[in-house]
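Peer 1: Got a structure for you, questions after.
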């Protein structure tokens, strides 16, 4: 890791606490969503500039099902409560065949996060239990804080909802060690979130895909550390007629916008 990236946590604390009045810029990235025939929203927060960039700002404040982006928070609670010990702890496959062959085996927390293993995280949620899960959801004011619908499906088909704005707010606190979890827990989750990393930047994130009342909702949320700066983002897409490219669109739209903004090459 470069010296600049090592300095970033100290920079973040200074900027977050010393510049409370953020700026906002509204941008039109409709073309990026039209390419995949979806509606959606995009929000970016530039830490150094203390500036938000939003496409479709009304929708940035619209709560929808978090789907597998909830694995970020589920990981935090699982580690903090002892439902799992660390990133390398084994989660045994229950033997039930899934449509996703990558899920049909034992996983560690890290590999389960990387392949978005739904049965693994359902197992962890059951170990945590509704009472403890509700406690942490309430403590951190996660979305609408509604975990009704079943302890192992509330983020997939239940009533939990979160907006792109709220996703970014959570990521900012995770980055700056400002959530109500131990520093050790937050570091493990930051580590398992890494998608791409080289000497110039690190991309952390999580996708999600949920279906509510025949409407498909897609997510890609995360943050990029680059050039002694941090860029937090959340993309949400929606359609009631998903094309084969819907899964790809979640990340592709995000990365195309980030390239257009000059954040990624």
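The values are calculated or read from the model by the stated rules, or taken from the named source; none is laboratory data. The shown structure was predicted, so the numbers you read here are calculated from the model rather than taken from an experiment. All Cβ positions, glycine included, derive from the backbone under ideal geometry; neighbour counts span all protein chains shown.
Peer 1: Could you pull out the residue among 92, 102 that is surrounded by fewer than 13 Cβ atoms within 10 Å (Cβ to Cβ) and either modelled with pLDDT of 95 or more or closer than 11 Å to residue 151 by Cβ (or both)? Quick ask: steps written out before the conclusion?
Peer 2: Numbers: 102 fails: surrounded by fewer than 13 Cβ atoms within 10 Å (Cβ to Cβ).
Matching residue, one of 92, 102: 92.
Peer 1: Right, next: Identify, from the list 116, 75, the residue that is assigned to a helix (DSSP H, G or I) and under 18 Å from the mean Cα position of the chain (by Cα).
Peer 2: The unique qualifying residue is 75.
Peer 1: On the given criteria, is residue 143 in a loop (DSSP other than H, G, I, E, B) and in contact with a strand residue (DSSP E or B) (Cβ under 6 Å, 6 or more places away or on another chain)?
Peer 2: Spelling it out, residue 143 is indeed in a loop (DSSP other than H, G, I, E, B) and in contact with a strand residue (DSSP E or B) (Cβ under 6 Å, 6 or more places away or on another chain).
Peer 1: Considering the range 97-113 alone, what residues qualify as being free of Cβ contacts under 8 Å to residues at least 60 places away in the same chain, outside any loop (DSSP other than H, G, I, E, B) and out of contact with any strand residue (DSSP E or B) (no Cβ under 7 Å at 6 or more places or on another chain)?
Peer 2: Step one: of the range 97-113, the residues free of Cβ contacts under 8 Å to residues at least 60 places away in the same chain are 97-108, 111-112.
Okay, now just the ones that are also outside any loop (DSSP other than H, G, I, E, B), so 101-103, 107-108, 111-112.
Passing the criteria: 101, 102, 103, 111.
Peer 1: Further question: Which one is surrounded by the most Cβ atoms within 10 Å (Cβ to Cβ), of the residues in the range 50-72 that are on the phi > 0 side of the Ramachandran plot and over 18 Å from the mean Cα position of the chain (by Cα)? Outline the logic, then answer.
Peer 2: If we filter the range 50-72 for residues that are on the phi > 0 side of the Ramachandran plot, which is where we start, we get 50, 56, 67.
Now drop any that are not over 18 Å from the mean Cα position of the chain (by Cα), which leaves 50, 56.
On the way: 50: 15, 56: 21.
My answer is 56.
Peer 1: Does the range 147-154 contain any residue that is farther than 19 Å from residue 65 by Cβ and free of Cβ contacts under 8 Å to residues at least 24 places away in the same chain? Step through it out loud before you land on a result.
Peer 2: Step one: of the range 147-154, the residues farther than 19 Å from residue 65 by Cβ are none.
For the range 147-154, residues farther than 19 Å from residue 65 by Cβ and free of Cβ contacts under 8 Å to residues at least 24 places away in the same chain: absent.
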